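Here is the structure we will look at.
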Amino acid sequence: MGFLKQLDVENFKSWRGKQLLGPFLRFNCIIGTNGSGKSNVMDALSFAMGERAASLRVKHLRDLIHGAHIGQPVSDTARVSMSYCDDEEQETVFCRSVAGEFNMQSKNPYLLHNTAVVPELEKIGIVTKARNCLVFQGAVESIALKDPKERTKMFEFISQSKEYAAEYDKKKEAMLKA
Ligand code: ATP
Ligand code: MG
């Protein structure tokens, strides 16, 4: 399974100008004092994966521009580039700006319009219409309160483990018989 390598943010939320977040490992922990921007990291990632304004804690996407929350945007665009590394260490960069433009750059850079890039994201298991398993602050409780079967279904869908369920059951049965 691939992983997020780094996020390049530009005038996005609390980051002024260009800043690099990462490099990330397969497992990461973000720590910091209240208001230091931990959730903004998740917002940047969610934004690159196609989340809508409401999930990013803003009314309009343009409010994501640095300074816009106090009515003083420093730029007319904010951008997030998400570098994704697949199992073969091949890197793909998905880039989204507040203008709603959704581009994709790969080894041979090219640009795709919003809708066209969605299948590219889906190839790596990111369904832009789904929540992509980012548990936003405050959402932990709603997931914890889900019916266990519903919760299992959700994780099976996200991890794609359903595909292996039949094989798993077969092997388990064989092991129990042995
Ligand atoms: P907590 O521990 O309370 O959850 P946090 O580390 O998750 O805090 P965030 O919510 O990520 O903090 O960041 C909040 C900070 O982001 C605030 O200081 C806020 O002013 C800043 N911020 C949010 N939007 C913008 C923006 N458009 N421009 C500049 N700063 C912004
Ligand atoms: Mg937070």
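The values are calculated or read from the model by the stated rules, or taken from the named source; none is laboratory data. Here the structure is a predicted model, which means the values were calculated and not measured. Note: ideal-geometry Cβ built from the backbone for every residue, glycine included; neighbour counts use all protein chains shown.
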Read through the list (1) modelled with pLDDT under 65; (2) farther than 15 Å from M49 by Cβ, then give the number of the only condition that N114 fails. (2)
Suppose we keep only residues that are in contact (Cβ under 8 Å) with a residue 12 or more places away in the chain and more than 13 Å from ligand 2 (Cβ to nearest atom) within segment 53-66. Which one would you say is surrounded by the most Cβ atoms within 10 Å (Cβ to Cβ)? L64
Output the residues belonging to segment 1-30 that are hydrophobic (A, V, I, L, M, F, W, C) and either modelled with pLDDT of 95 or more or surrounded by 12 or more Cβ atoms within 10 Å (Cβ to Cβ) (or both). F3, L4, L7, V9, F12, W15, L20, L21, F24, I30
Of the conditions (1) at pLDDT 65 or above; (2) touching a strand residue (DSSP E or B) at 6+ places or on another chain (Cβ under 8 Å); (3) part of a loop (DSSP other than H, G, I, E, B), M82 clears all except one; give me its number. (3)
Kindly indicate which of R151, R131 is modelled with pLDDT of 85 or more, within 21 Å of the chain's Cα centre (by Cα) and surrounded by 13 or more Cβ atoms within 10 Å (Cβ to Cβ). R151
Residue list for segment 31-52, restricted to those being crowded, with 20+ Cβ neighbours inside 10 Å and within 11 Å of ligand 2 (Cβ to nearest atom): N40, V41, D43
Taking segment 14-50 only, how many residues are within 10 Å of ligand 1 (Cβ to nearest atom) and among the charged types (D, E, K, R)? 3
Consider F136 carefully, then state whether it is out of contact with any strand residue (DSSP E or B) (no Cβ under 9 Å at 6 or more places or on another chain), closer than 27 Å to N40 by Cβ and at pLDDT 80 or above. no
When segment 145-163 is examined, which residues are found to be assigned to a loop (DSSP other than H, G, I, E, B) and under 21 Å from K123 (Cβ atoms)? Q160, S161
Any residue in segment 1-16 that's in contact (Cβ under 8 Å) with a residue 60 or more places away in the chain and within 16 Å of S83 (Cβ to Cβ): show its pairings with residues that are part of a loop (DSSP other than H, G, I, E, B) and basic (K, R) at Cβ separation under 6 Å, as long as the two are six or more apart or on different chains. F3/R26
